[in-house]
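Nothing in this text is a laboratory measurement; each read-out follows from the coordinates by a stated rule. Worth saying up front: this structure is predicted, and the values here are computed from it rather than measured. We place every Cβ from the backbone using ideal geometry, glycine too, and count neighbours over all the protein chains shown.
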Amino acid sequence: DGLTFSVRLSHSGDIEEYKIVPSRVVNVRKTTYSQVDEMLTWRPEEMLEGEGGRGDADKVKSSFILQRLMSLAKRRMSFRMLNGAVPTEIPKAQVRVWDEEVNGEKRK
């Protein structure tokens, strides 16, 4: 079980309406960051055409949805910046493992 967050944005990026409702997550597809980056560059209208087309209708649909979400996110970010938001960067996590002994074996 999960939550679905729905937002209706104005053309300027202002939030006109939002809803948060219980939901059930189905049809989960695992995707890497590099796969998403690639899908954001695809042109869905060309993807099923010709020999060079990627041919997978589910991937075409996913690409279209990701591109639409990116467009909406950019619209919202633009609205926020024009209205005084302060941009922030979240630092990447750094993990270090010190020497330790596991099952009598020295590990690094």
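Brief remarks on what is shown
- Long-range HN-HN contacts of Leu9 with modeled amide H, under 5 Å: Glu16
- His11/Ala57 FRET efficiency (R0 25 Å; Cβ-Cβ; nearest 0.05): 0.25
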